[in-house]
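Participant: The structure is given below, and queries will be raised subsequently.
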Amino acid sequence: MSGYYVDTSALIKHYLAETGSTWLRNITDLAAGNVIVVCDLTAVEVFSTLARRQREGTISSADIVILQTRFLADFGQEYLSVALEDMVLSRARDLLNRYPLRSLDAIQLASGVEATTILGEPMTFLSSDKNLLNAAISEGFLIDNPNNHP
């Protein structure tokens, strides 16, 4: 069993067919026995990504409802979620002073750091964002990018 902090750019591959989807699904499969950690922000970002994909015409109205429902079920039952509390937001502000991150990426990384503190276990940080992965390395994470697994 391994622990993974999965940001939205990686987790969306569990729900949409993209480069790295099979690899990510193998990691997040319950049978793999891995601990999958996300943050509360992930739910908003997944819904945003699905809505954008619908606007772009790459998923249908019927599919978006199915994918949102499936995600919410997984979010509630299969993933551990880090709450957006003061400690996480304070840490995110600090990270923005040290790394060239976007605000939501800083919150994702701060949530990953908080998760390792809470769980007392090292985790692998999964993301498709190179800047975020570089910052995660500097914060002591092992990293992986699903886009490196066709």
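Participant: Let me make sure I get this right: for the chain, a, b and c are the square roots of the gyration tensor eigenvalues over alpha carbons, sorted descending. Under 1.5 in a/c it's rounded, otherwise prolate if a/b > b/c, else oblate. Which is it?
Facilitator: Details: a/c = 1.58, a/b = 1.39, b/c = 1.14.
The shape class here is prolate.
Participant: Once you sort the root eigenvalues of the Cα gyration tensor of the stretch 24-101 as a ≥ b ≥ c, which label holds: rounded (a/c under 1.5), prolate (a/b larger than b/c) or oblate (the other case)? Could you put the intermediate results ahead of the total?
Facilitator: On the way: a/c = 2.23, a/b = 1.35, b/c = 1.65.
Here the stretch 24-101 falls in the oblate category.
Participant: Whose amide H sits under 5 Å from the amide H of L142, counting only residues 5 or more places off or on another chain, with H placed in the peptide plane?
Facilitator: Under 5 Å from the amide H of L142 lie the amide H atoms of M123, F125, each far enough along the sequence or on another chain.
Participant: With a point put 7 Å past each Cα toward its Cβ, work out how far I137 is from M1 in nm, to one decimal.
Facilitator: Each label point is offset 7 Å from its Cα along the Cβ direction, giving 3.0 nm.
Participant: Which order results if M87, M123 are arranged by neighbouring Cβ count within 10 Å, fewest first?
Facilitator: M87, M123
Participant: Say each of I118 and Q68 gets a label point 7 Å from the Cα, pointing the same way as Cα to Cβ; how far apart are those two points in nm?
Facilitator: Here the modelled spin labels are 2.5 nm apart.
Participant: Still on this structure: Who wins for biggest fluctuation among N26, N131, N97 in a Gaussian network model of the chain, springs between alpha carbons below 10 Å?
Facilitator: Comparing N26, N131, N97 in the GNM, the peak value goes to N97.
None of the figures in this text is laboratory data; all of them are computed from the coordinates on show. Since we're looking at a predicted model, the values are computed, not measured. Cβ coordinates were reconstructed from backbone atoms using ideal geometry, including for glycine residues, and neighbour counts include every protein chain displayed.
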